[in-house]
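To start, the structure itself, in structure tokens.
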Amino acid sequence: MVKLSISALLLCATHLVAGHGYLKSIVVNGQTYMAWQVGQDDYVTPTPERYARKLADNGPVPDFTTKDITCGRGGNIPAARSIELKAGDKVEFVWDQWNSAHSGPVFTYIAQCANNDCKTFKGDTGNFWVKIDQLAYNPSANPPWASDFLRERGAKWSVVVPTGLAPGEYLLRHEILGLHVAGTRMGAQFYPSCTHIRVTQGGSTKLPSGIALPGSYNPDDKDGILVELWRIDQGQVNYTAPGGPVWTGAAPNVNRPGP
């Protein structure tokens, strides 16, 4: 039986008031799969079996040069379950909330788990992470920032698993970058999460070499990380999102067009 004490619930509510947002669930082909429920699952016995790796809280990664950036601050503990889907399926990420003051880009990366076993794969060393989705800043769009658009879509974001991707076990790493205090070194706020998927039907396409996380987010990157949001909004400087370009083998962005 699942048990959650009243005192634990009160503690959870108090903790979350000061928070920002976290991945709450994932929707594939009309079915909802629960991610780790921040502020709740730690207090439930037995531990719920979720489809995304544990997050310690709903705030940003405190130091994005450490291994916490790989899958969020929570120990990078493999999830109990994997979502079975086909190459070409759409995955919808549903956040519990998103704050309109935290403007910035939205990314999704994919990594194939070594030996097709995500239960033993960390992804925190090596160039495993391939970007398959990105929207950043488009001054002609309304709203111009991708994370604000995510908020207006009900705190939801969609990505298509690359068509033709070879069957196997993968991690989908979905992330928002908040730039509201990024003018201070290490002020950029990254909110990553890792969802387990198992591609059961696909093609023969293998992922190329990607980027390393940690290792590829430079605190001194003045184009994408160490930036002043107001200067971008006023057109004084251009913005280039970190993490490199989207893989040419990725599916077109299904949220909206734009950089």
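Laboratory data are not the source of any read-out in this text; all were calculated from the coordinates shown. These numbers were taken from a predicted model, which means no experiment stands behind them. Counting neighbours? That spans all protein chains shown, and the Cβs are built from the backbone with ideal geometry, glycine included.
The distance linking the stretch 147-165 with the stretch 185-220 is 15 Å (Cα centroid to Cα centroid, whole angstrom).
Convert each backbone phi in the stretch 146-151 into a coupling constant with the Karplus relation 6.51 cos²θ - 1.76 cosθ + 1.60 (shift: θ = phi - 60°), then list the ³J(HN,Hα) values in order as whole Hz, x for Gly and Pro. These are the phi-based 3J(HN,Hα) values: 4, 5, 6, 5, 4, 4 Hz.
Couplings 3J(HN,Hα) of the stretch 228-238, computed from phi: 9, 4, 5, 5, 5, 4, 8, x, 6, 9, 8 Hz, in residue order, whole Hz [Karplus 6.51 cos²θ - 1.76 cosθ + 1.60, θ = phi - 60°; x for Gly and Pro]. Give the Debye-formula value of log10 I(q)/I(0) at each listed q (0.28 Å⁻¹), with one equal scatterer per alpha carbon of the stretch 143-201, two decimals each. With no solvent term, the Cα-only Debye profile gives -1.16. In a DSSP loop and with at most 15 other Cβ atoms within 10 Å, there are no chymotrypsin sites (Phe, Trp or Tyr not before Pro) in the stretch 23-52. Pairs exceeding 22 Å between alpha-carbon atoms, taken from Lys24/Lys90; Lys67/Lys206; Lys156/Lys222: Lys67/Lys206; Lys156/Lys222. Stretching Val237 away from Val254 to a fully extended chain increases their span by 3.4 nm, per 0.36 nm per residue minus the current alpha-carbon distance. Set against the 2.2 N^0.38 Å expectation for a compact globular protein, the stretch 124-251 has a Cα radius of gyration ratio of 1.14. Charge dipole of the chain (Cα centre as origin; +1 on each Lys and Arg Cβ, -1 on each Asp and Glu Cβ, all else neutral): 420 debye, rounded to the nearest 20.
If I take R0 = 22 Å and measure r between the Cβ atoms of Ser158 and Asn116 in this structure, what FRET efficiency does the formula 1/(1 + (r/R0)^6) give, to the nearest 0.05?
0.30
The Kirkwood hydrodynamic radius of the stretch 78-151, based on inverse pair distances between different Cα atoms, is 14.9 Å.
Other residues within the sphere of radius under 13 Å centred on the Cβ of Arg198, judged by their own Cβ, net out at -1 (K and R +1, D and E -1).
Computed on the chain, with alpha-carbon pairs under 8 angstrom and 6+ residues apart, the relative contact order is 22 percent.
In summary, the stretch 181-259 shows an alpha-carbon radius of gyration equal to 1.39 times the 2.2 N^0.38 Å reference for compact globular proteins. Within the stretch 6-233, all pairs of alpha-carbon atoms sorted by distance into 10 Å bins from zero give the percentages 8, 34, 37, 18, 3, 0. Among the trypsin sites (Lys or Arg not before Pro) within the stretch 120-225, those in coil by DSSP and having at most 11 neighbouring Cβ atoms inside 10 Å are Arg185, Lys206, Lys222.
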